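Here is the structure we will look at.
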Amino acid sequence: MSTAQHVPDILSPEFAADPYAAYRAMRDTTPLAWHEATQSYIISRYEDVERVFKDKGSEFTTDNYDWQLEPVHGKTILQLSGRDHAVRRALVAPAFRGSDLQEKFMPVIERNSRELVDTFRHTGSAELVADYATRFPVNVIADMLGLDKADHTRFHHWYTAVIAFLGNLSGDAAVASAGERTRVEFAEYMLPIIRARRENPGDDLLSALCAAEVDGVRMSDEDIKAFCSLLLAAGGETTDKAIAGIFTNLLLNPDQLAAVRADRSLVPRAFAETLRYTPPVHMIMRQSATEVTLSSGTIPAGATVTCLIGAANRDENRYLDPDRFDIFRDDLTTTTAFSAAADHLAFALGRHFCVGALLAKAEVETGVNHLLDAMPDMRLADGFDPVEQGVFTRGPQSLPVRFTPVAA
């Protein structure tokens, strides 16, 4: 029987400073807890979060996105269910897997990574978050959509405001207002481009979305705008933090960094373990469609459920020594880590499994290899100790490194 432990509130500075200690206490003593401030039930055990994510809509829905996502993105694919969801996922999914990803977008990923690395590879120092991680995924998405990368600053501003809105658990009015304003600004920017692309299609993802048709259904201008908004925010923020996270974890574990440097086939393992150990997204909400009894207690119908991915991914009942970063662990399956059959929860699971998981994998693997090639003796700047920040999404805010420059 567990002994009582102090469990800091998820909105407290103590929690923000070290959520992992709080997660451990939650799993032990309050694996199902009502949280008054967010009006939600919080769950933290792997088996409970896995069950919620794998549910096909009979017990848990994404109805919470009506108020959580729609104010900033418009109505997105994440809010749909049944045939509506299946058809729209079929419209957008081909671009993120198979031949389209390999033939059309891998060159885009490679080019954007090299362009960024070339700005600092000769200098002997870099700040991996500001110089690379925050820029790379947004540049890739803009390039894929055929947008002007010169607008990077606007894209970054928009997705930062959106992520702040999603993580605004305390209900800060200024954060909410900034997020809602982003929806208007992004629509003013994107809708004319979408209309122009319908008239004069190119060989880009935006044109493909305009032309895509499944079972007689095509995406409206509003559908496409909402998807692009979601793609910029979800694809930018999460891949940004994943790249920063993988290097933080490897730099703090030099033996594993040396192993990855020597054997690049270990990069997917390092990424999968980073997704488990320090996931970019720490919590995702769902709504109960009916009264549900989980391992940790009963949730009434119509309730918001906050699923703590960061806690579930470190559940000692699922992973051996879960608070240790270990790319060689044998209880995490790398071959399925980027599919709906993943045994970590960072991309969710089931029908709402992240449609961009393989794009993220391609970006992270490309980025890690390019950075290791450019900085073979990469090390943390003297005296620097990486610190994670964030509650809803979380990652290092800066990562200054030093290295001996090598010729391109």
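The values are calculated or read from the model by the stated rules, or taken from the named source; none is laboratory data. All values derive from a computational prediction rather than experimental measurement. Heads up, the Cβs are rebuilt from the backbone with ideal geometry, glycines too, and the neighbour counts pull from every protein chain shown. Remember, those area values only see protein heavy atoms, side chains included, never the ligands or the DNA or RNA. Shrake-Rupley method; radii C 1.70, N 1.55, O 1.52, S 1.80 Å.
Between the listed residues Ile194, Val217, Val267, the Cα displaced farthest toward the positive end of the dipole of the range 183-285, a dipole computed from Cβ unit charges relative to the Cα centre, is found at Val267. Over the residues of the chain, the helix contribution to mean residue ellipticity at 222 nm works out to -14000 deg cm²/dmol, using -39500 (n - 2.57) for each DSSP H run of at least 4. Here are a few candidate values for Rg/Rh (Cα atoms, Kirkwood Rh): (i) 0.95; (ii) 1.53; (iii) 0.99. Which one was actually calculated from the structure I just gave you? So the calculated entry is the one marked (i). Taking amide H as placed 1.01 Å from N in the peptide plane, Met285 has its amide H under 5 Å from the amide H of Cys307, each at least 5 places away in sequence or on another chain. Taking all protein chains into account, the per residue accessible area for the range 319-370 stands at 34 Å² (1.4 Å probe). Sequence-ordered 3J(HN,Hα) estimates for the range 396-404 from the Karplus curve with 6.51, -1.76 and 1.60 and θ = phi - 60° stand at x, 7, 8, 8, x, 10, 10, 6, 8 Hz, glycine and proline given as x.
Tyr277 exposes around 40 Å² of accessible area when a 1.4 Å probe is run over every protein chain in place. For Ser220, the accessible area of its heavy atoms, probed at 1.4 Å with every protein chain present, is near 50 square angstrom. Residues considered: Gly179, Gly302, Gly235. Largest GNM mean-square fluctuation over the chain, using C-alpha springs under 10 Å, is found at Gly302. Result for the chain in a Gaussian network model with C-alpha springs under 10 Å: among Thr278, Thr290, Thr134, the largest mean-square fluctuation is at Thr290.
Taking the protein heavy atoms of the range 220-331 in the context of the full set of protein chains, the accessible area attributed to carbon and sulfur is 51 percent at 1.4 Å. Mean-square fluctuations from a GNM of the chain, with a 10 angstrom spring cutoff on Cα atoms, peak among His344, His157, His73 at His157.
Note on the range 253-341: Rg/Rh from C-alpha atoms, Kirkwood Rh, equals 1.09.
The phi-based Karplus calculation (6.51 cos²θ - 1.76 cosθ + 1.60; θ = phi - 60°) puts the 3J(HN,Hα) values of the range 326-334 at 8, 6, 9, 4, 9, 10, 9, 8, 5 Hz, whole numbers, x for Gly and Pro. Average accessible surface for the range 120-208: 43 Å² per residue, computed with a 1.4 Å probe over protein heavy atoms with every protein chain in place. Rounded to the nearest 20 debye, the dipole size of the chain about its Cα centre is 520 debye, using +1 on the Cβ of Lys and Arg and -1 on the Cβ of Asp and Glu.
The value given for the range 324-408 is a Kirkwood hydrodynamic radius of 15.7 Å, derived from the mean inverse Cα-Cα separation.
Largest first, the residues Thr293, Thr182 sort by 1.4 Å accessible area into Thr293, Thr182. Specify the longest stretch of the chain that does not include any exposed loop site, a site being one of the trypsin sites (Lys or Arg not before Pro) with a non-H, G, I, E, B DSSP assignment and at most 13 other Cβ atoms within 10 Å. Counting only loop sites that pass the neighbour cut-off, the longest clear stretch is 57-323.
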